[in-house]
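S.K.: My questions all concern the structure below.
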Amino acid sequence: MPTSSKARLYLSSIILKAAALNSSEEPLLLSRLGILLRRVATDFDVRAYGYPTLKDLLVDLPELGELVVGPNGHPQFRIGPSPQLGQEDTGPIEAPAPDSLKLKVRFWQAITSFRKERSRTKFDLDSARVLAPEADSEDLLERFPERFLALPDAGESFQKLLAIQFLKSEAGLDEDEIGSLVEPAEWLMSVSSRLKELGKEVQWRDFRNEGIVRLAVEWAEKHGIELTRIADSRKQPSKVREERASRPPAPPNVSVSIRQGLHQLIDSLSDDELRHISVPAWILFRQR
């Protein structure tokens, strides 16, 4: 939940502006308030500020009004008689705390890539999307250069600096051992293996992810980009992998039952139905 006064002030401001767009003085359905909020701030997402739902946000801002239950049982928001913001200047959108900010997967992959061609990947200010250096995008880059920004570089050099900091401050290794770990070409694998021996592999991933997020936040603030344009509720790739690895394997009899059911389903489909089955490419490659 946002604790700073500026974050609360900004959230209060856009909620009041959105509520003012309502043509009726009756309480607003939360679904309707959500639509109005996106008119005021196109990319607004309560999850970027640590709130699972709009209802949770409103509960945390009781000074604005109250939540009531409508005739159909749906929650509604009734604005207070004289809500107070406390200040006139709402300022820019405040960055969510790094540990609550999740970067969009495509953005995350682009800024953390070790490939040299990552420097050609740009951020499209109009669509807030990452534009890969492909044939159709090169034309856009040439025609509208002012529309595209270079992405922050959280690639190999940046991550190596983070590794050196972590190995020294958190793992307590001396400079000689740190140097031997980060010098090889496969330094990331060496560092990960050593930290796994020390039981600090998860802490290292969190440390690295938080450092990358801080870099992205600084980049967004420098260029005046609203963080909701690069933030998402989805989890960062390493977090997803950790959760998958921690899941217990399915019992053998369950796997066999699922396989048999799938085979029976496929056998029952017509040729035309089979042609419309979509299978992710990574599944096919994984079987090879």
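S.K.: Kindly evaluate Glu175 against the criterion of being in contact with a helix residue (DSSP H, G or I) (Cβ under 7 Å, 6 or more places away or on another chain) and either on the phi < 0 side of the Ramachandran plot or not small (Gly, Ala, Ser) (or both). Walk me through how you get there before you give the answer.
M.R.: Working: in contact with a helix residue (DSSP H, G or I) (Cβ under 7 Å, 6 or more places away or on another chain): no; either on the phi < 0 side of the Ramachandran plot or not small (Gly, Ala, Ser) (or both): yes.
No: the conditions fail for Glu175.
S.K.: Which of (1) aliphatic (A, V, I, L, M); (2) under 22 Å from Leu103 (Cα atoms); (3) crowded, with 19+ Cβ neighbours inside 10 Å does Leu33 not meet, given it meets every other one?
M.R.: Looking at each condition in turn, Leu33 falls short on (2).
S.K.: Could you tell me which numbered condition Glu26 fails, if it satisfies all but one of (1) at pLDDT 80 or above; (2) closer than 25 Å to Ser127 by Cβ; (3) part of a loop (DSSP other than H, G, I, E, B)?
M.R.: So Glu26 meets the others, but not (2).
S.K.: Mind listing just one residue for me: the one in the range 169-207 that is outside any helix (DSSP H, G or I) and without any contact (Cβ under 8 Å) to a residue 24 or more places away in the chain and, of those, surrounded by the fewest Cβ atoms within 10 Å (Cβ to Cβ)? Don't jump to the end; show me each part of the working.
M.R.: Restricting attention to the range 169-207, the residues satisfying the condition of being outside any helix (DSSP H, G or I) are 170-174, 183-186, 199-200.
Pick out the ones that are also without any contact (Cβ under 8 Å) to a residue 24 or more places away in the chain and you get 172-174, 183-186, 199.
Values: Gly172: 9, Leu173: 19, Asp174: 9, Glu183: 10, Pro184: 11, Ala185: 7, Glu186: 9, Gly199: 9.
The qualifying residue surrounded by the fewest Cβ atoms within 10 Å (Cβ to Cβ) is Ala185.
S.K.: Restricting to the range 29-48, name every residue that is of a type in the set (D, E, K, R) and either outside any helix (DSSP H, G or I) or in contact (Cβ under 8 Å) with a residue 12 or more places away in the chain (or both). Give the steps one after another, and end with the answer.
M.R.: Filtering the range 29-48 for residues of a type in the set (D, E, K, R) gives 32, 38-39, 43, 45, 47.
Hits for the range 29-48 are Arg39, Asp43, Asp45, Arg47.
S.K.: Same structure again: Could you list all residues from the range 59-115 that are of a type in the set (Gly, Ala, Ser), touching an Asp or Glu at 6+ places or on another chain (Cβ under 8 Å) and modelled with pLDDT under 65? Show your work before the answer.
M.R.: Within the range 59-115, the subset of a type in the set (Gly, Ala, Ser) is 65, 70, 73, 80, 82, 86, 91, 95, 97, 100, 110, 113.
This time we only want the ones that are touching an Asp or Glu at 6+ places or on another chain (Cβ under 8 Å), so: 80, 95.
The one that is of a type in the set (Gly, Ala, Ser), touching an Asp or Glu at 6+ places or on another chain (Cβ under 8 Å) and modelled with pLDDT under 65: Ala95.
S.K.: Would you check which residues across the range 131-168 are hydrophobic (A, V, I, L, M, F, W, C), surrounded by 12 or more Cβ atoms within 10 Å (Cβ to Cβ) and at pLDDT below 80 and list them?
M.R.: Leu131, Ala132, Leu140, Leu141, Phe144
S.K.: Here is a further query. Take the residues in the range 221-235 that are at pLDDT 80 or above and part of a helix (DSSP H, G or I); name whichever of them is surrounded by the fewest Cβ atoms within 10 Å (Cβ to Cβ).
M.R.: Of everything passing the filter in the range 221-235, Lys222 is surrounded by the fewest Cβ atoms within 10 Å (Cβ to Cβ).
The values are calculated or read from the model by the stated rules, or taken from the named source; none is laboratory data. This is a predicted model, so every value here is computed, not measured. FYI the Cβ positions are ideal-geometry reconstructions off the backbone, even for glycines, and counts take in every protein chain you see.
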